[in-house]
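J.: Questions regarding the structure given below will be posed in turn.
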C-alpha cells in the first residue's frame, strides 16, 4: 500500500497555489491535512500526478470570530477549531460535532475546510456548515466567489468546485440570541463514521432580555444529518414546533421525528440496514431535541458527552 | 535463600527494549534490500487465460517478474498438506503462484521484485491478467448445497467428514425426558495481529546457503518446508524469528506462498529479498477463522442433566486446507466442555468456499464448540425454568481424571486431568454478584434501562505435544544462555522461561538470557500455538536446567570434595548445604567444565589444560562427558493438559437503539500454577478483548461475488479501548499431573467463551434467544422486530415479562 | 497494454528535503511520494515507528509533529518539513533509561508483542502533558485512537495513569529547576 508516483508542490502564497492549480488542477489535487486523501492514495484508489501541498502557504490559517461569523481558514485543523474558546462561545455546535470526527491524532492533522471540500456524506463538518447556513470562500486565478452549501454540494463526494479553485475559508455563522444547537451520533466504534448523526439548531424567543421568569417558547427548528442523506440537506421543522413552550417539547417529539424519518434517505451497508439507520436517526433526533430543550446556554454537550451511550459503562 | 521466581509478578525483561523503539521486527531488518510485491487475484473463482507482464518489466527499478512457470522444481508443486487427518476426503492446497486457476480474491499470481516496495507496486499495477470468470461459492449454505463446485474433479464441496461417538446417542435421546433442538450460526473473523506476515530471504552464494527471517510461529517448520521445496540440504537453511508483532494463529501455517516464492527469488537472484505484508494483503490473503453453521439435539432430565448430545456442524474452511482440519476437529472434541455427558456424537463437514482459507485463530475451533454447548445449556435452563448456574452444577464433571472418550488433535484420547468446576463457579458467582443480579435488574428497569447477565464455561486442551526442547549454556562469566526452539510473539517468554530456569538452576534471574525461534541454536521444535509455549518449553527448560544443575554439582563436588547430594546452588553460588564457607561460583564451574588449550582471558587461563592437575591416566574430558556447562533436554507429554475457566458478563442494551454495552466482564480462570500471574492476566485481558471483538464488532463481510467488503481497519471493526470493558479476574490453580511444573496453557483462554457469554447476557436482557454471533445494533434491532412480530419466540421463562414480550418501546414507532 | 510502456511511466519525482527529527536536522533526497513513516524507518533507520495499516486507523505509526500526535503514514515526508518530528526514539531510546511513559508501560504490563506500543507512547506522552491528572474515562478515551490486539487495553489505561504519576513526581522534583531541564528529563 504505497502511493503512485507524484510530484509535491509546496507553494508559499495563495497566489502561487492558484497559479499551480491553473496549471495542474486537472491532473492534481490539493492536499492540506491529507487525512482523507492519503489513505486513498496509499490504496491506489486515486493516482494524481501532482499534489499541491498548501500547508506552508501564508494566509490560510486564520481562525477568528468576526461579528457573528466564525471564519475558518483552509489550514485550520479540526483540533484547533474544536478547542477554540471564541468559536465555542459563538457556536458550540462546531466543537460538539468535531469531537465525533475520527480520533484526536486525525483531528490534529485533518482540516475542517478539507473535510468540507471532500464532501463525504458521512462527514460531520459539511453538514454543520449547511445547518448553520454557512458558506465557503473560493478563489482561482479567474477570481473569487462565495458558495453556499446548497450550491457547493452536488452529490456524495462531489462538489461544484472547478479544478483550478481553492476554498480559502469556510464561514460559520454564530448562533443568534435565543438559539441552541447540538450534535449527536451513534458510531460502531469511537471515532468511526456515525451510523447516523443529527445536528439541530433550536430557536426560541428567549433573546436574553429579562423575561421575569416567563418560560421561553420555541420559534423554530432545523436539522441536518450525517450518513443518512447523500448531501448535507437541511430540514426546516418550524411548522411542527413554533409556539411550543420549551417545557412541552415532548408533545412535538413524535411529529418532529416522523418528519425527519420521512425526509432522510439512508442506505444499507455492512454496518447497518437502511431501516435501522432511519429508526436510529429518529431516536438520536428525539434525544437531541430533549437535550436542547433542557439546556440553559447556547448548547454543546458537556465535554464529549453523548446521549447515545449508556452512562457508567465502565 | 533465594525467593522462588515461579509465581511472582516479575516485570517483563523484553519491555525496556520494546518500549524504546529497539525492538527488531521483520520489516526493521535488511533495510535497503530489494522488495517483493504480489499481483493477486481480483476474482474469487476464475481460470487464468493469459498473463501479460510486459508493462511491469519496463518499469525502472524492476528486477524480476515471476509467474508460476518461473518457480523451480518442487517449489512449483502444490503447497504441502501439513497436517493430514483421516477425516480429510479431498485435500486441496494452493500454489506459491497460481498457474491457471484461482479460488479466492487475494490468491497470489505474479511476484514482482524491485528496488523498493513503491516501485514493486508500480510494476504490479501494470501487469494485465485475462480471466475466464466462474461463479463463486460463498458461505456455508452455498457450499453445502453443492450446486457449484469449488475444486474441479470433486462432486461436492466437502473437504472432510468426520463422526465421533461416545456411548449410545440415539437411545440416550429416545429415553430422555426432554429433547431440544438448537440451531446456531457463528461468523468469520480473523487473528489480525498488528504486524502482518513477512519474510526476508538471503542467499549466500559463497556457501550456497539460505538464511530466512520470517514473522512466523514455527521457524523449525518453515526451515524444513523451505529446504524440501527448494531441494537444498537442511543444513544449508536457517530460519530466524525476530520480534513478532502478534500472531494469534495466523502465522502458524507454513510455508506461506510468499515465503516460498521469496526464498526462490533470493536464490535465483543471489541476493536478499524482503516481502512485508501490508494490511490489505493480510485481509485478503492470509487466513480467517470461525464461520460455522451448527445444529444441536440434546436430551435431558428434569434436573437439566444431559443424557445425550447429538451435534452436527458445517465448517467453512475457505479455498484450501494446508493446515488440515484442526479447527473443526477442535470444535468437535471440545463441545462436552466441563460436563459429564455419557452419550455424545459429533458429525462435521468441512466445506470449500471461494474465500480466504481458514486456519486456527486463538481458541482454534473451541470458541465454536463452547458456543454450541453453552447456548444449549442456557436453552435447557430456560426450558426447565432453572437457574443457569444450577443446570451447569448438575452437569459438571467432579472427578479427575475424566476421560472424554474422543480423540483430540494430538491423536490421544481427551482427558480432563485436573480442575474444580464447582469451586470455579462459586468464585465466578461471587465475583459477578450472580445472586444479586435480579435486584440490580429491577433497579435498572425502574430507570428505563435494560440489562442482562450471561455466563459461559469452557475447557481447553492445551500444551499439545509432540515435544519441545531446551538448551542451556552457562558461560564462564556466569551468564546463563537459554534457548528454546519455539517462537515468541508477546508471550513474555524471555521473562517466564528465565523465571523457571532461575529457580531450577539456582541463579539470579538477571543472569538468565532467553532466546527463541532460531534454528541455528535449537533446530528441534514444533512451534508456538494452542496454548503450548509455557507448558511445553517451560517444562523442557525446567528439565534442562535440572540437567545442567546436576552436571554443575558433579564438577563442583570434585573441586569442593563433597558429595553432589550435599551441595546446593543459591544465587549462582554452589556451596555445601549448611556450610557456606565451602563454596564456589557457578561461573567457576563453567570454567572447570571446559579444559582449554588457549588462554585468551582470565577465566580461560584458569581452564587451560595445564592449569589443573588431572590424574595421569584420565583424559581431560572423560568418556561419556562433554566439555562445557551446557545441556539439552526435551519434554514430551502423554497427552494435552486441559485448562478451564468460566466467564460472566453484564450487558446493557439500549431499548431504542439496540446498542450493546458490556458493563462488567468477569473471568475465573484455572491454568494451574501460574509462572507469572501478571503475564497470565495480560493474556486473559487480551483474549477477552478479542472475544468481545468477535462477539460484537468483527466479521468478514463477503458479498456474493466473493469480494471481501471490509478489508480495512475502517470497516473491519477491531475494537479500540473505548469498546472493551474493564475485565475482572480471579484464579483457581489446580495443578496438572501431566507435567513436572503442573502447569496448563493460558494463551487462548480469554477468547474461547466470550461470544457465548455475551450472547447469554444479551439473551437475558432481551428475553429472546440469541443464536447467532456476532451481533451488532442493527441486527439486534432487526431481531427485536422479528420478536415483536412473533417470528422469534420469547424465552419460556420470560413470557409475560413486559420487557421481553413487547416490542422495543419507542417514541417514534417502528418502521 | 504493450503500448502502455515507458512513455507513460511517470518518472519518479524526487526532492531534497530538510527534516527535523528528534532534535536533529537531516537533509535527504527522497521521492516526493515517500511517506514520512517510510522515510523515518528506511532513510533515518528510526525503526521504532511501526507501520500497521497504512490507512491511518491503527495508530502504530503515530509520531508527534510539533508536539501533537499524528499518523506518519498519512503525511508525505516532504510535507513534514518546517515541523519538528518526534518519534518513540525521541521520547526515549535507551533501554537502560526509559522515559516516564516508557517506564509506565513496563510497570503496568502495558505491552505484549510491543508492535503497537510506540504509537501509544507518542500519543500518551502528548496527552499527559495536556491532561496531567486524567480520570479513568479520559485515560481510556485518550488511547482510543490506537489499536492493540494483545493487551485488551486495560493495562495501557493503567500506563496512562502511571505516566501521570511519574510525570507529576518528576515535576515536583524539578519544580526548582528551569523548564528546559525538566523537559530534557522526560
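J.: Could you grab me the full set of residues in region A:289-309 that are within 11 Å of another protein chain (Cβ to nearest Cβ) and at pLDDT 90 or above?
T.: Across region A:289-309, the qualifying residues are A:289, A:290.
J.: Another question, if that's okay. Which condition does residue B:760 not pass, out of (1) modelled with pLDDT of 95 or more; (2) over 22 Å from residue B:317 (Cα atoms); (3) under 22 Å from the mean Cα position of the chain (by Cα), if it passes all the others?
T.: Answer for residue B:760: the failing condition is (3).
J.: Just need a number here: residues in region C:99-137 that are over 18 Å from the mean Cα position of the chain (by Cα), crowded, with 24+ Cβ neighbours inside 10 Å and free of Cβ contacts under 8 Å to residues at least 24 places away in the same chain.
T.: Of the residues in that region, 0 qualify.
J.: Taking residue B:672 as the residue in question, decide whether it is within 14 Å of chain C (Cβ to nearest Cβ) and either in contact (Cβ under 8 Å) with a residue 12 or more places away in the chain or surrounded by 24 or more Cβ atoms within 10 Å (Cβ to Cβ) (or both).
T.: no
J.: Ok, one more. Do we find that residue C:142 is buried (at least 24 other Cβ atoms within 10 Å of the Cβ), more than 7 Å from chain B (Cβ to nearest Cβ) and in contact with a strand residue (DSSP E or B) (Cβ under 8 Å, 6 or more places away or on another chain) in this structure?
T.: no
J.: Answer yes or no: is there a residue in region B:708-728 that is away from every other protein chain (no Cβ under 14 Å), touching a residue at least 12 places away in the same chain (Cβ under 8 Å) and assigned to a loop (DSSP other than H, G, I, E, B).
T.: no
J.: Here is a follow-up. Inside region C:145-171, can you point out the residues that are within 26 Å of residue A:83 (Cα to Cα), within 11 Å of chain A (Cβ to nearest Cβ) and assigned to a helix (DSSP H, G or I)?
T.: Scanning region C:145-171 gives a single hit, C:157.
J.: Ok, one more. Criterion first (out of contact with any helix residue (DSSP H, G or I) (no Cβ under 7 Å at 6 or more places or on another chain) and either crowded, with 23+ Cβ neighbours inside 10 Å or at pLDDT below 95 (or both)) does residue B:751 satisfy it?
T.: The answer is no for residue B:751.
J.: Test residue B:576 against the criterion of being assigned by TED's automatic domain parsing to the domain that holds residue B:550, modelled with pLDDT of 95 or more, surrounded by 15 or more Cβ atoms within 10 Å (Cβ to Cβ) and over 45 Å from the mean Cα position of the chain (by Cα), and give yes or no.
T.: yes
J.: Oh, and also: Go over the candidates A:44, A:71, A:10, A:80 one by one and state the one that is closer than 30 Å to residue B:284 by Cβ and either in the same structural domain as residue A:123 (by TED's automatic domain parsing) or touching a residue at least 12 places away in the same chain (Cβ under 8 Å) (or both).
T.: Exactly one residue qualifies, and that residue is A:44.
J.: Let me ask you something else. Residues that are more than 10 Å from chain C (Cβ to nearest Cβ): which helices (runs of 4 or more DSSP H) entirely in region A:10-129 hold 3 or more of them?
T.: A:14-24, A:78-82, A:85-90, A:93-98, A:112-118
J.: Does region B:341-349 contain at least one residue that is under 23 Å from residue B:686 (Cα atoms) and not assigned by TED's automatic domain parsing to the domain that holds residue B:212?
T.: no
J.: Might you let me know whether region B:794-806 holds any residue that is under 38 Å from the mean Cα position of the chain (by Cα), surrounded by 17 or more Cβ atoms within 10 Å (Cβ to Cβ) and either at pLDDT 95 or above or within 12 Å of chain A (Cβ to nearest Cβ) (or both)?
T.: yes
J.: Just checking, how many residues over region B:763-782 are farther than 21 Å from residue B:648 by Cα and either surrounded by fewer than 21 Cβ atoms within 10 Å (Cβ to Cβ) or more than 13 Å from chain A (Cβ to nearest Cβ) (or both)?
T.: Final tally of qualifying residues: 2.
J.: Please indicate, with yes or no, whether at least one residue in region B:620-631 is in contact with a helix residue (DSSP H, G or I) (Cβ under 8 Å, 6 or more places away or on another chain), closer than 30 Å to residue B:777 by Cβ and at pLDDT 85 or above.
T.: no
J.: Has region B:680-693 got any residue that is in contact with a helix residue (DSSP H, G or I) (Cβ under 7 Å, 6 or more places away or on another chain), more than 7 Å from every other protein chain (Cβ to nearest Cβ), touching a residue at least 24 places away in the same chain (Cβ under 8 Å) and buried (at least 24 other Cβ atoms within 10 Å of the Cβ)?
T.: Yes, the conditions are met somewhere in region B:680-693.
J.: Which of (1) surrounded by fewer than 23 Cβ atoms within 10 Å (Cβ to Cβ); (2) within 14 Å of chain A (Cβ to nearest Cβ) does residue B:617 not meet, given it meets every other one?
T.: (2) is the only condition that residue B:617 fails.
The values are calculated or read from the model by the stated rules, or taken from the named source; none is laboratory data. Since the structure is predicted, the reported quantities are computational estimates derived from the model, not experimental observations. When we count neighbours, we look across all protein chains shown, and the Cβ atoms used for this are built from the backbone with ideal geometry, even at glycine.
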